[in-house]
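J.: One structure, pasted below without further comment.
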Amino acid sequence: MDDWFDYILDHTRSQPEAPAAVMEDRVVTYGMLGAAIDACARRLAAQNFAADDVVALCIADPIRHLTLGLALFRIGIRAISIEPAHRGLSALSFSALVGDEAARKHFPAARLLPLTDDWFNPATAPAVALAEPFSGGRTIWRYSLTSGTTGEPKMLATPLEYVGRNVLPGNAIYGCARTLPMLGLTSIWGFTAACCALASRRTVYFATSPFQAVRMIELFGIDLVFAGTEQLVALVRAARKTGATVDSLRTVIVGGSQMTRALAEAAALHLCKDVRNRYGSSEVGMISEVPAREAVSRPGYAGRVAPGVEIAAFRPDGRPCAPGEAGNVMSRVRRARGAAPDPWVDHGDFGWIDADGAIVILGRTAEIGDLSAPAAREVSPVHEVEHLLRLEWDAADAAAVMVEGDGAAPEIWVGAVDCKDADAAVLQGLMRGRGIAGTVRLFHLQAVPRGANGKVQRGALAAALRAAAAL
């Protein structure tokens, strides 16, 4: 699974005039991409990085960002993609930063390699010998920042074969020709989604906003979209507001959070019928994938374990759970019989695995609270409430937490931004229709507390809602 990069390079030679990447009215062919990768690789090789160096990329232009990421891969140097919002993170560590002058402002202490147009010009590239590209499945080839759901984001190391686990299923399953990754290249899943398109000799498209994404789907006939739940909510809202016709769109792959009935129904109505929920792409490559309609018919269901990977739930003392017993979910790549096993990778999720390999994810372990309580075996309704407010009432943002109330059932406290028309009683009625109990309390906030990667900070949210309730 670690030869996907060879396929990309082969495509740059075998079909140089075919479109590789498109953004707005800008088209980069495979031939242009191959020449740019080589030119950038030579400029980077001239820096004489050590084998254990990490080079950060802070580049707003996604095509240039992708090119530099592939150029670092070409010379076997590890990379991490970052954004200005990541400034000041204590976990962030790198040897040099490739970016423009704006990057210097956000990371003034970094060793900056200023990115100019000349980087992509083969005629001015240094005449240096290039090292071999990355190889070896367990080799760490890239870092990414975790979501930060449970605190400050951490640097997550990604072995080479993990990207292959993300790239190859996309080649074999979807059969689509035009891919739009809305995830951003700072996430390992977003980067590999773009690599998936290139390795399979397709075209990858980039958009700077959900409204631009809708226009590009219409204009170019894009048939496959990769998105996190936040991006999918924004894309649905844009398609609904513009009345766009997106008949070319065949499949949407979504991950990063639990699928909700509100989002699945809205995506099927305004985008396409084939919406699939994927689990585990950031940790060890794709672990499971399930049609959204199945995910919402069985709350928490994340599909069955994909070939080549192991997944298990563990008790607090580290012992594995029995089938159907809830615990902390971890995974690892399955090795050949007799080979040394990989260490387990902690997903930070609480759930269980049935005897037949069905995965059920209840939520983030750190957000559930008392893991021994009966309520811990139920999927939290907070995501359903959030999506209802954003899709039915067009809230600019919304986030919820569970709070112990005076009655038997906990209360659902939800903060909404720019959503004056929302009615707690109507919202509660919609939740009842979905079989979700609990009193809904609605508060209006100036902003929802989110971390550097956009994830809701539930602890800070609970504090803000308690402060609003005390007024």
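The numbers here are math on the coordinates, done by the rules we state, and not lab data. Computed from a prediction, not measured in an experiment: that's the story for all the values here. Neighbour counts run over all protein chains shown; Cβ positions are idealised from the backbone, glycine included.
J.: For the range 382-470, what relative contact order do you get, as a whole percent, if you take Cα pairs closer than 8 Å and at least 6 residues apart?
T.: It comes to 27 percent, rounded to a whole number.
J.: Next up: Using Cα atoms only, what is the angle between the long axis of helix 62-74 and the major principal axis of the chain, expressed in degrees (0 to 90) to the nearest 10?
T.: With rounding to tens, the tilt is 60 degrees.
J.: Taking 8 Å as the Cα distance limit and 6 or more residues as the minimum spacing, I'd like the relative contact order of the range 275-350 as a percentage.
T.: Relative contact order comes out at 23 percent.
J.: Taking the 0 to 90 degree range and rounding to the nearest ten, how far is the long axis of helix 188-199 tilted relative to the main principal axis of the chain, both from C-alpha atoms?
T.: 50
J.: Continuing with this model, one more query. In the chain, if the dipole is taken from +1 on Lys/Arg beta carbons and -1 on Asp/Glu beta carbons about the Cα centre, which of M286, I361, P16 is farthest to the positive end?
T.: P16
J.: Please give the helix 382-392 orientation as an angle from the longest Cα principal axis of the chain, in degrees from 0 to 90, rounded to the nearest 10.
T.: Rounded to the nearest ten degrees, it is 80.
J.: Restricting things to alpha carbons, find the Rg to Rh ratio for the range 382-470 using the Kirkwood radius for Rh.
T.: Looking at the range 382-470, the ratio lands at 0.94.
J.: Would you work out the charge dipole size for the chain about its Cα centre, treating the Cβ of every Lys and Arg as +1 and the Cβ of every Asp and Glu as -1, and quote it to the nearest 20 debye?
T.: Taking the Cα centre of the chain as origin, the dipole is about 240 debye.
J.: Please order Y162, Y143, Y30 by the number of other Cβ within 10 Å, starting at the fewest.
T.: Listed from fewest to most nearby Cβ atoms, that is Y143, Y30, Y162.
J.: Another question, then. Note the listed values (i) 77, 45, 15; (ii) 38, 25, 22; (iii) 48, 25, 19, then indicate which one is semi-axes √(5λ) of the Cα gyration tensor in Å calculated from this particular structure.
T.: Derived directly from the coordinates: (ii).
J.: Trypsin sites (Lys or Arg not before Pro) within the range 410-448: which are DSSP loop residues with at most 16 other Cβ atoms inside 10 Å? Let's see the in-between values first.
T.: Numbers: sites: K420, R432, R434, R441; in loops: K420, R434.
Listed in order of number, the matching sites are K420, R434.
J.: Another question about this same structure. Given a Förster distance of 60 angstrom, what is the FRET efficiency for R111 paired with R432, based on the Cβ-Cβ distance and rounded to 0.05?
T.: So the FRET efficiency works out to roughly 0.55.
J.: Then there's this: Using Cα pairs under 8 angstrom and six or more residues apart, how large is the relative contact order of the chain, in percent?
T.: Working: 966 pairs, mean separation 47.6, N = 471.
Over the chain, the number comes to 10 percent.
J.: Would you list which lysines come within 23 Å of K273, measuring only between C-alpha atoms, while excluding same-chain residues fewer than 8 positions from it?
T.: K241
J.: With each run of n ≥ 4 DSSP H residues scored as -39500 (n - 2.57), what mean residue ellipticity at 222 nm is computed for the chain after dividing by its residue count and rounding to the nearest 500 deg cm²/dmol?
T.: Computed mean residue ellipticity for the chain: -9500 deg cm²/dmol.
J.: Bin width 10 Å, origin at 0, all Cα-Cα pairs of the range 61-107: what percent of pairs per bin?
T.: 22, 56, 22
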